[in-house]
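Structure record follows, encoded as structure tokens.
The values are calculated or read from the model by the stated rules, or taken from the named source; none is laboratory data. If you're wondering where the values come from, they're calculated on a predicted model, not measured in any experiment. Here Cβ is always computed from backbone atoms with ideal geometry, including for glycine, and neighbour counts include all displayed protein chains.
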């Protein structure tokens, strides 16, 4: 099963659809098939098994991340990028993984932690202790 992201004119992901492998032996064929069925022109193939530029099954990562509704496709990086987490203005995009990361590494022990944007630090989540 092949997965394709339906993109708007700004490359925002509107939907992610599956396409039978026989209708998508290549990305171009899959796009042509989806265009004929849905009448929408802007599609990009995405890999369900890719996250953070790593393929979960040991294969070749494809477009850094699986596409999610509300995220974007960045043609210059050839990557799908999720929306920056709300209230996490200090987080930066990791260029290798195309994932948003805190400016401070997550603690390896203790917790459970949550991000405090005002302090720009990981703090123990009082609701979960």
*Run residue 81 past the list (1) within 23 Å of residue 42 (Cβ to Cβ); (2) in contact with a strand residue (DSSP E or B) (Cβ under 8 Å, 6 or more places away or on another chain); (3) surrounded by fewer than 12 Cβ atoms within 10 Å (Cβ to Cβ) and report the number of the one that doesn't hold.*
(3)
*Is it the case that some residue within region 63-76 is without any contact (Cβ under 8 Å) to a residue 24 or more places away in the chain and touching a strand residue (DSSP E or B) at 6+ places or on another chain (Cβ under 8 Å)?*
yes
*Could you check how many residues of region 21-50 are within 14 Å of the chain's Cα centre (by Cα) and either surrounded by fewer than 13 Cβ atoms within 10 Å (Cβ to Cβ) or touching a residue at least 24 places away in the same chain (Cβ under 8 Å) (or both)?*
5
*Answer yes or no: is there a residue in region 98-117 that is modelled with pLDDT of 95 or more, out of contact with any helix residue (DSSP H, G or I) (no Cβ under 6 Å at 6 or more places or on another chain), outside any strand (DSSP E or B) and closer than 22 Å to residue 4 by Cα.*
yes
